[in-house]
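Read through the structure below, which is laid out as structure tokens, and then see the notes.
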Amino acid sequence: SYSQQKTNDKFSKTDFNILFIGNSLTYSNNRPKLVKKNAKLHGIKIDFKMIAFPNYAIIDNWNEGEVQKLIRSKKYDFVIIQQGPSSQNEGRNMLIEYGEKFNSLCKLNNSKLCYFMVWPSLNYYYTFDGVINNYKEAASINNSILLPVGKVWKEYFDNTNNFHYYSSDGFHPSLEGSKIAAKVIVEYLFLN
């Protein structure tokens, strides 16, 4: 079972606390609530807290100081971090460097760090592989769980040429895109 495999908790653990840290790509369509609803379909109960502000990168969340207090509470099984697409070197470095800071804190407090891989705007679709690679690399370097939502989105787009996971602004997720993101997150946290 997942519980034994990834968290060394009791076989019967079905209640989890998740801390979501990010920006509008996290809070659009109240994605944490969609994760909770999807998990419930699999008999998993999730309580969550979300710390997400417009245009924030993980450095901004870290510098605010609130997330450290929350992680130190030892309340969270998973801490899911997200920032913008991060296809460029600066974003890559921030994912790695601040991921390391978050991961060190998580390890001290019985939490598992997760990276919520996002996507670029449609205008920058050509950077998609860079986004995927940088999130993959950051998660690997920091020995964290990768939640490959962006990769799943890109595979769907490449196979269907249908971009309805994006909302009308060509960047934030539509409700369907958020539901797919929630499904991927639940799958990679609990079902793989």
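The values are calculated or read from the model by the stated rules, or taken from the named source; none is laboratory data. Source: prediction; values computed, not measured. All Cβ positions, even for glycine, are placed from backbone atoms using ideal geometry, and neighbour counts span all protein chains on display. Protein only, heavy atoms only, side chains kept; ligands, DNA and RNA dropped before computing areas. Shrake-Rupley method; radii C 1.70, N 1.55, O 1.52, S 1.80 Å.
Can you return the lysines within cross-link range of K136? Criterion is Cα-Cα under 18 Å, with same-chain partners fewer than 8 residues away left out.
K101, K112, K151, K154
Tell me which trypsin sites (Lys or Arg not before Pro) from region 70-133 have a DSSP coil assignment and no more than 12 other beta carbons within 10 Å of their own. Working shown, then result.
Numbers: sites: R72, K74, K75, R92, K101, K107, K112; in loops: K74, K75.
When the trypsin sites (Lys or Arg not before Pro) of region 70-133 are filtered for loop state and at most 12 Cβ neighbours within 10 Å, K74 remain.
Let me know the charge dipole size of the chain about its Cα centre in debye, to the nearest 20, where only the beta-carbon of Lys, Arg (+1) and Asp, Glu (-1) is charged. Write out the running numbers ahead of the final one.
Values: 23 positive and 17 negative charges, 180 e Å.
Charge dipole of the chain: 860 debye, to the nearest 20.
Points 7 angstrom from Cα along the Cβ direction at D60 and K37: gap in nanometres?
In this crude spin-label approximation the distance works out to 2.7 nm.
What's the center-to-center distance, using Cα atoms, between region 116-147 and region 163-177 in Å?
So the separation of the two Cα centres works out to 18 Å.
Lys and Arg at +1, Asp and Glu at -1: add these up for the other residues within a Cβ distance under 14 Å of A52 and post the number. List each step's numbers first, then the result.
On the way: positive: R31, K33, K49; negative: D60, E64, E66.
Residues close to A52 contribute a combined charge of 0.
I'd like to check one number: the per residue accessible area of the chain, probe 1.4 Å, reported in Å² as a whole number. Don't jump to the answer; show the numbers that get you there.
On the way: 9290 Å² over 192 residues.
Value returned for the chain: 48 Å² of accessible area per residue.
Which one, C106, T14, N63, projects farthest toward the positive side of the charge dipole computed for the chain from Cβ point charges (K/R +1, D/E -1)?
T14
Using label points projected 7 Å from each Cα along Cα→Cβ, tell me how many nm separate L191 and N110, to one decimal.
2.8 nm
Only helices at least 24 Å long along their own axis, judged from Cα atoms, and with Kyte-Doolittle mean hydropathy of -1.0 or greater: name those in the chain from DSSP H.
Working: long enough: 89-108 (29 Å, -0.66).
Those that pass (Cα extent of 24 Å or more, hydropathy at least -1.0) are 89-108.
Can you check what the net charge comes to around N29, using other residues whose Cβ is under 14 Å from the Cβ of N29 (Lys, Arg +1; Asp, Glu -1)? Write down the numbers at each step before the final one.
On the way: positive: R31, K33, K36, K37, K179, K183; negative: D169, E176.
With Lys, Arg at +1 and Asp, Glu at -1, the neighbours total +4.
Among (i) 12.7; (ii) 10.0; (iii) 12.0, find the value of mean projected area of the Cα convex hull in nm² that was calculated from the structure presented, and write down its label.
Identified label for the calculated read-out: (ii).
Leaving out ligands, DNA and RNA, and with a 1.4 Å probe, what % of the accessible surface on the chain is carbon or sulfur?
Ligands and nucleic acids excluded, carbon and sulfur reach 48 percent.
So how far apart, in nm, are the two label points at N143 and D15 if each is 7 Å from Cα heading toward Cβ?
Label at N143, label at D15, 3.0 nm between them.
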